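Below is one structure, written out as structure tokens; the observations come after it.
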Amino acid sequence: MVGDVQRLVKLRVNASGTRLIGHVALLQHENRISDRLNDPEALLLLDTVESGDYGAQCVAISKDAVSYVVALEEPDLLHNVRRSGAFQWVTVELIQPNSRLTGELFVPNGFKVTDCLNDDRRFVNLKNVAFDESAERYEFLALGKRQCRLWAVLGADRAA
């Protein structure tokens, strides 16, 4: 696996209310952090951890415990995808056990919002994310679907 590592991506992970900052190794076939989050492995390995009280250089986090991930360094691949017109962004509101947020959900053309929510990926990609009752704002965010209790589509006509 070491020979397959393409690059390290720095990110912030919120797992069961604990925030950690560290690096995740992306492999040759992975272009974005969401590729790593949605692979079949149950654990996310966070290396060179900069925060937390674990006294360890790396930690393994259950992906089921991850609420959201913010890439602090992300390759500039989204600009090419945006130009292609291969998808639409649908505004959604999400309620997690301890927070509420709004953002725009990535929905490929020809798909419905429910197709994205019911597929086998553990995480969905959002942009322009705002957490209610907080100053937290993120341009892009990977959100754990299992952590959300309610999804509300705002502007459902765009989701058909």
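The values are calculated or read from the model by the stated rules, or taken from the named source; none is laboratory data. On a predicted model such as this, the values are computed, not experimentally measured, just so you know. Cβ: placed from backbone, ideal geometry, glycine included. Neighbour counts: every protein chain shown. Ligands, DNA and RNA are excluded from the accessible area calculation, which covers all protein heavy atoms including side chains. Shrake-Rupley method; radii C 1.70, N 1.55, O 1.52, S 1.80 Å.
Data overview
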{"item": "Among residues of the range 1-23, those that are buried (at least 16 other Cβ atoms within 10 Å of the Cβ) and either in a loop (DSSP other than H, G, I, E, B) or touching a helix residue (DSSP H, G or I) at 6+ places or on another chain (Cβ under 7 Å) (or both), counted", "result": "3"}
{"item": "Candidate set from the range 113-134 (those that are modelled with pLDDT of 85 or more and in a loop (DSSP other than H, G, I, E, B)); member that is surrounded by the fewest Cβ atoms within 10 Å (Cβ to Cβ)", "result": "D120"}
{"item": "Residues being modelled with pLDDT of 80 or more and assigned to a strand (DSSP E or B) - total across the range 135-154", "result": "8"}
{"item": "Extreme residue, modelled with the lowest pLDDT, among residues of the range 90-112 that are open to solvent by 30 Å² or more (accessible area, probe 1.4 Å), in a strand (DSSP E or B) and farther than 26 Å from L45 by Cβ", "result": "I95"}
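Residues are listed down the side, and each one gets a yes or a no for (1) modelled with pLDDT of 80 or more; (2) part of a helix (DSSP H, G or I); (3) open to solvent by 20 Å² or more (accessible area, probe 1.4 Å):
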| site | (1), (2), (3) |
| --- | --- |
| A25 | yes, no, yes |
| S34 | yes, yes, no |
| D39 | yes, no, yes |
| L46 | yes, no, no |
| S51 | no, no, yes |
| A56 | no, no, yes |
| A60 | yes, no, yes |
